[in-house]
Each structure stands twice: as structure tokens, then as C-alpha cells.
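The values are calculated or read from the model by the stated rules, or taken from the named source; none is laboratory data. Since the model is a prediction, treat every value here as computed from it, not as a measurement. A quick note on method: Cβ atoms are made from the backbone with ideal geometry, for glycine too, and the neighbour counts reach across all protein chains shown.
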């Protein structure tokens, strides 16, 4: 359900204020378009996150124009027209009057008027906040209008003085979650937990990945969620070592670990949790050792989340713990410091280059991704990770994942046979608080005995 209109109005007031601090101008935010899946069948519609945060209207097409110039602030909405025949097929539309009466627009017009109306708002704007590369049709429209305005100087018209990425304003605001957003994230965490309980209970030998996926996503919808906040990963056996694997037809087998990376979406806000459970109901000795190492690093990382800490420092701590553990287990040889240095050096080399391919991988042979990303309206949410060339300090209201993992490839001849094809990732969603952090997804079991107990049921 949308927030109360006063919340959207308050958000826009903050956007207008930031625009004015930068000299004023116009911000253009397209609504998402419906996408054809095949023939005349469309994908399930999902609103653009920036447009949703600023306006809240869950309709495709058109967009929002935010004007902050010369002391004037106004929201202009471009929407689909009312059309009784089409509404019979696809539902009631807000139309121009609804945009003004229910969604706070000072002015509104229909999508058919967009090309004629938009130049009026863009001409002589000090700045146009516009995201290039978002939609080819919109890029072409904006380029056409800006070019035409630039050729009308003799009649007193001019193109915007600058074009700036709107995320410089919007994404900084979205990074810091307000209480009503945290409430949505809590609900997303609740339904995400329900999905993971369903996976552990259903993930028995003989089941297939797609069947476990169905149980997870049923739980999300049953608890009032919009569905999955990203493509559900159910990865059995050696598939657990493929980071972005999707649920397929592989059969779950006794002795395997099944890695599930799944999150429910609630009112567009995302959950994101990963667990790796034993199909037989009990981890093997080798699996327990690897799991305990990942779990120890994850607990240390969660404990490090607090105002002033940085994602880079948290990641470095995870790398240290995992690397030392890998050396102890014999998966890596030599001093841990050397294996850390080797892995860190890879990030300075161009991915896929001959130098990168030939370089020793160090810890990144088994841990090849980062520990955290922002969470919010998008599962990989917006916001800069670096400010003024330095890692960004965490602050209350930020939400991030903590997700260390270890992945032993099925063909890793240097690893013990009992660990080949085993991937373990443990991921939770952390809200930064004034005192430290709150694990929003703590209800999802991750202690070895707790996971085995759920699987046994």
C-alpha cells in the first residue's frame, strides 16, 4: 500500500530544497513502462524505485517533473488519460484529475501531450536532473528537446545549463531510511524468514530446486508480500558454488548442502537472506567446519556494524577471519597475510585481463565477492559507498547486508573430496542504529543446531 500523501509531500520538499541549494532547475523522473514478455503478454509491472519514492503512484507510463526555480516549487505529473474501454480490461486509471486530487500534482497532463508540454518546463532551466541511459526512448526525447531549445536563443529560449544525474540528490536521500521505511523493511524481513523456514522444511532428498522455490515464493505471497524481491536462488549440491545460480531442476540429495538466497518484497521494500542447509538434516563434519568458519566471520561483521564504521573495514575483517580459517583448514597454504595480499591485488587489475587471469587468487579462490551492499527499495539499493575518495562511514538509518561466504568448486583438486562442490553463504539484513545495529532478519535460523532442527521438522 502507498504511504500517506503527507510522506510523499515531505520527501518532495527535501528534494526541492536540495535542488535549490544547487541553483534550482527541473528534475525529470519517468515512470516505469510495461514490458512485453512474449506476444501480447507483459511482465508483471513493477514501478521505478525513484518515481515510487517521490510520487508513489503505481501506474506505468508518463512521469514526474519537479520544478524548483525562481522561488517556485511544483510537481507536474504526466499520466495515462482516463479511458473507460481500457479500464474495463486493465483497471481504473487516475487520469489528470486524480493526479492532482489524490497524488499532490500542482499540474498534470496526459502522456499524449508529453512531447508538446515538456519543452515548456525545460527551457532556460539552470539544471536538468536527468539519468542518461535509463530508457532509449526517453533519452531520444530529452536529446531532441534540448537540441531544439539550444537553437532558439534568438527568441529568448535556451537549453538547460547543465544535465546532472538525479541520483546525486535522490539516492542520498533514499540511503537514509525513515521510520516508515524501516517498518516496511521489517515486514519484508518477516516474510523472508517465513520463506526460508519453508525451504528448510521442504528441502528433502528427492525434491527438486524448482519445488523448493515454489514453497519459498508461496510463503512470500501468503504473508502479504509482493513476491520475490529478486530471482530466487535455490542451489543444490555443486550448484551452491555458483554465486548467481537460479533455481533449476537439480534434485536435492542426501549429503548435499542446499544454498538458498531469497528475499520477499513488501510494498516494494526488499528482504535479502541466504542460508545453506543440509538436505539430509545433518551437516557432515567437513561441512560443519566450513559453515562454522563462515558463521564466525558473519557474527564478527554484524558486531562491527555501527555508526562511523565502514563497509570496507567490515569486509577487511571478514577477509582476515576467513583467510586465517582457510589456512588452518588446509584449503590455503602459507601465511594468511600473503593470501590476503594476493586476493586484494586482484581488485587492482582489470577483470578478465591476462594479468588478472594469471595472478595468484589468494583468498579470492574461495571468497570472491564483497561482504555488503545497501538495502531498501532495491535489493542492491542506491547510495555511494565512497565519499571524497574515502570509504563512507555508516550512519543510523542505513540498511546493509552482511554476507560472507566460501565456495569450494567441484573440480578443486586442492580441496578435500568431502568439501568439493560445497558452497556456504550466510546473509542477514542489518539496520544501523545509534548504538550499533539491529539484525532485521535474526529470526531466520543460522546456528548449526537450529538449522538442523528446522530441517528435521
message = Can you tell me which of (1) under 21 Å from residue 32 (Cβ atoms); (2) surrounded by 15 or more Cβ atoms within 10 Å (Cβ to Cβ) is the one residue 143 doesn't meet?
response = (2)
message = So, residue 247, is that one closer than 16 Å to residue 418 by Cα, surrounded by 17 or more Cβ atoms within 10 Å (Cβ to Cβ) and touching a strand residue (DSSP E or B) at 6+ places or on another chain (Cβ under 8 Å) or not?
response = no
message = Exactly one condition in (1) under 18 Å from residue 273 (Cβ atoms); (2) in a loop (DSSP other than H, G, I, E, B); (3) in contact with a helix residue (DSSP H, G or I) (Cβ under 8 Å, 6 or more places away or on another chain) is false for residue 380; which is it?
response = (3)
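Only one of 188, 219, 148, 158 is in contact with a helix residue (DSSP H, G or I) (Cβ under 8 Å, 6 or more places away or on another chain) and buried (at least 18 other Cβ atoms within 10 Å of the Cβ). Can you tell me which?
Unique residue meeting the criteria: 219.
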ask   = If you go through region 293-304 one residue at a time, do you hit one that is farther than 29 Å from residue 377 by Cβ, at pLDDT 95 or above and touching a strand residue (DSSP E or B) at 6+ places or on another chain (Cβ under 8 Å)?
value = yes
